[in-house]
1. Report, to the nearest 10°, how far helix 111-120 tilts away from the longest principal axis of the Cα atoms in the chain, using its own Cα long axis and a range of 0 to 90°.
2. Return one number: the angle in degrees, 0 to 90 and rounded to the nearest 10, between the long axis of the Cα atoms of helix 45-55 and the longest principal axis of the Cα atoms of the chain.
3. What size of dipole, in debye to the nearest 20, comes out for region 60-164 about its Cα centre when the only charges are +1 on Lys and Arg C-beta atoms and -1 on Asp and Glu C-beta atoms?
4. Quote the charge dipole size of region 93-223 about the Cα centre in Debye, to the nearest 20; the model charges only the Cβ of Lys and Arg (+1) and of Asp and Glu (-1).
5. On average over all directions, what projected area in square nanometres does region 35-219 have, based on the convex hull of its Cα atoms?
6. Find the Rg to Rh ratio for region 71-143, where Rh is the Kirkwood radius over alpha-carbon pairs and Rg uses the same atoms.
7. Can you tell me the 0 to 90 degree angle between the C-alpha axis of helix 160-170 and the longest principal axis of the chain, rounded to 10?
8. Please order 101, 142 by the number of other Cβ within 10 Å, starting at the fewest.
Amino acid sequence: MTSLIVRLALTGAWVVGLLSNALGEPARENDAGQFDFYVLSLSWSPSFCAAAAERGNGRGPTPQCGVRPYSFVVHGLWPQYDKGFPEYCEVPAPRLNRAIVSSMLDLMPAPRLIYNEWDKHGTCSGLAARAYFDTVRKAREVIKIPPQYSDLREPLSVTPAAVQEAFIKANPGLSAASMAVECDKRRLTEVRICLSKELQFRDCSEIARRSCRGDQLVMPPMR
């Protein structure tokens, strides 16, 4: 199975290279380290856990949905192109040291999430695993969570615009053009913030225009 995945990945890269050459453009699709900016995705953990409970897949609670309450957790730090994004830049991905996984559980409270994010996104950063996850931590430190969301005890009705405004107010230099608020049919799910490779706020029109269009959302409380 692994060898088949490798062959498919190499075939995809070859096709992209041919198309790029035909268009007179440099081939960089899924080329590790060749990207324009990062997206830091912050997931509202209570919404994730509420959706998981509704699905009722029989696997029991994930580590993220256990006794300890979480607010915004890091879903990932994703290398992006101005249009589109790379993924799975090394197949198979270099193996993650368990010590790295353990060191990230305070920000990304599920080992499976950490492994998946490394395979899909981290390998496209051009960084070794330790350096990539150090960058994840630094990116998270850049962002201040609005105080009204830090210890939510009751369900909160919000609009995407209100969440956006709260993050902008808490983070000088952040603008509506450099972030997006994500939702499902009822709940706020994520806030995505665009950062340069130097971890400065930067505009990202493709990300910003995907922001949730819902009129009214719920933020479930932290347990």
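1. With rounding to tens, the tilt is 40 degrees.
2. 80 degrees
3. Working: 12 positive and 10 negative charges, 41 e Å.
With only Lys, Arg, Asp and Glu charged at Cβ, the dipole is about 200 debye.
4. On the way: 21 positive and 15 negative charges, 55 e Å.
Around 260 debye, computed over region 93-223.
5. Values: hull surface 42.2 nm².
Spelled out: convex hull of the Cα atoms, projected over all directions, averaged, 10.5 nm².
6. Working: Rg = 11.7 Å, Rh = 12.4 Å.
Checking Rg against Rh, the ratio lands at 0.94.
7. 90 degrees
8. Numbers: 101 19, 142 15.
Least to most surrounded, the residues fall as 142, 101.
Taken together, the values in this text are just the output of simple stated rules run on the coordinates, not laboratory data. Everything numeric here is computed off the predicted structure, so don't read it as measured data. All Cβ positions, glycine included, derive from the backbone under ideal geometry; neighbour counts span all protein chains shown.
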